[in-house]
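Novice: Take this structure, written in C-alpha cells, and hold onto it; I'll ask about it next.
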Amino acid sequence: MELSPVRDADLPELAEIARNGVRRDGVQAFPADWDTGSPEQITRSLAQYHWATRAGLTVERWTIEFTVRVADRVVGVQGVSSDRYPLTRTVSTGSWLAPEEQGRGFGTRMRSMVIDAFARHFGTHRFDTGYIAGNDASRRVSEKLGYSPNGHRRLISQDGAPRTEHQLVLFAADYEHTDDEVIVTGAEAVRRFLGLEQDPTVAQRP
C-alpha cells in the first residue's frame, strides 16, 4: 500500500472509483456531501473539494489528503488535518474507499500507516477521529487500532439532517505499532512546513 498527497493527476482515477458514490447501505457517512448525484456531479464535487482543501492550506490550519494505492491501483483517500500543530501535536483523520474495495482491511491499514508515520516522524501525540451513527465500518477500524470513546456531538450530515457523531481518541503512547515497516519519504520538507525543529526519530535515539 502506498499513500501520496492527492494531485490533479490523481483526480480522474479517484473520480472513476467514486463515480456512483462510496457509501454503503445508504449510510450518511460524511459531513460534506460530495458523493451524491450523477457521475458528472460527483466528479465535479470531488475535484472542487480537493482544490478548496489545497487553497485553504496554511501553516496554522491544514488538511492533507492522500491518494491510497494498492499494487498501483487507486482504492480511496486518507485525510489528515490539524490546527496549530506545533502546539497541539494533535491530528484528526477521515477517509473513504471505493465500494468494491471495502471490507478488505484497507481502511485499517491506511489509517495505521498514517498513525505510524505521524507518530514516528512528526511527533504526533494524539489522534482524533469520529463516525456518524450507523457507520459501523468506520467504528470497527477505530476499535481495531485501539481508539477509545471520547463523547459525541450533534452535526448536520450530508443529507442535511442532524445526526450524532461519535468521537474517539488514540494517544500515540498507547498505540501498538505494526511489525510492518512504514517507509516515509519527504519527511524533512513536511517538518519544515509544520514548523517542527527536529526529527523525533533522531531525538529518541540514545
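The values are calculated or read from the model by the stated rules, or taken from the named source; none is laboratory data. Nothing here was measured: the structure is a model prediction, and the numbers come from that model. Backbone-built Cβ (ideal geometry, glycine too); neighbour counts: all protein chains shown. To get the accessible areas, we keep the full protein, side chains included, count just its heavy atoms, and leave off ligands, DNA and RNA. Shrake-Rupley method; radii C 1.70, N 1.55, O 1.52, S 1.80 Å.
Novice: Can you confirm whether the range 72-79 contains a residue that is of a type in the set (A, V, I, L, M, F, W, C), over 21 Å from G186 (Cβ atoms) and at pLDDT below 95?
Specialist: Within the range 72-79, none of the residues are of a type in the set (A, V, I, L, M, F, W, C), over 21 Å from G186 (Cβ atoms) and at pLDDT below 95.
Novice: Working only within the range 113-125, note down all residues that are farther than 16 Å from T63 by Cα and either free of Cβ contacts under 8 Å to residues at least 40 places away in the same chain or not small (G, A, S) (or both).
Specialist: Of everything in the range 113-125, those that are farther than 16 Å from T63 by Cα and either free of Cβ contacts under 8 Å to residues at least 40 places away in the same chain or not small (G, A, S) (or both) turn out to be M113, D116, R120, H121, H125.
Novice: Inspect all residues belonging to the range 56-72 and state whether any of them is of a type outside the set (D, E, K, R) and assigned to a helix (DSSP H, G or I).
Specialist: No: zero hits.
Novice: So, in the range 123-134, how many residues would count as being open to solvent by 30 Å² or more (accessible area, probe 1.4 Å) and out of contact with any strand residue (DSSP E or B) (no Cβ under 7 Å at 6 or more places or on another chain)?
Specialist: Within the range 123-134, residues that are open to solvent by 30 Å² or more (accessible area, probe 1.4 Å) and out of contact with any strand residue (DSSP E or B) (no Cβ under 7 Å at 6 or more places or on another chain) number 1.
Novice: Every residue in the range 159-185 that is in contact with a strand residue (DSSP E or B) (Cβ under 9 Å, 6 or more places away or on another chain) and not hydroxyl-bearing (S, T, Y), please.
Specialist: Matches in the range 159-185: P162, R163, E165, H166, Q167, L168, V169, L170, F171, A172, D174.
Novice: Same structure, new question: When the residues of the range 95-114 are narrowed to those that are open to solvent by 40 Å² or more (accessible area, probe 1.4 Å) and on the phi < 0 side of the Ramachandran plot, which ends up modelled with the highest pLDDT?
Specialist: Across the range 95-114, the extreme among qualifying residues is R109.
Novice: Right, here's the next one. Hey, could you check the range 149-169 for residues that are open to solvent by less than 30 Å² (accessible area, probe 1.4 Å) and touching a Phe, Trp or Tyr at 6+ places or on another chain (Cβ under 9 Å) and say which is nearest to V22 (Cα to Cα)?
Specialist: Looking at the filtered set, the residue picked out is Q158.
Novice: Related question: Failed condition for W51, given (1) more than 19 Å from A117 (Cβ to Cβ); (2) in contact (Cβ under 8 Å) with a residue 40 or more places away in the chain, with all others met?
Specialist: So W51 meets the others, but not (2).
Novice: If you check D8, D35, which single one turns out to be over 15 Å from the mean Cα position of the chain (by Cα) and either open to solvent by 70 Å² or more (accessible area, probe 1.4 Å) or of a type in the set (G, A, S) (or both)?
Specialist: D8
Novice: Could you list, in sequence order, the residues of the range 176-192 that are out of contact with any Phe, Trp or Tyr (no Cβ under 8 Å at 6 or more places or on another chain) and modelled with pLDDT of 75 or more?
Specialist: Matches in the range 176-192: E176, H177, E181, V182, I183, V184, T185, G186, E188, A189, R192.
Novice: Can you work out which of the residues in the range 73-102 that are in contact with a helix residue (DSSP H, G or I) (Cβ under 8 Å, 6 or more places away or on another chain) and assigned to a loop (DSSP other than H, G, I, E, B) is nearest to A173 (Cα to Cα)?
Specialist: It comes out as Q102.
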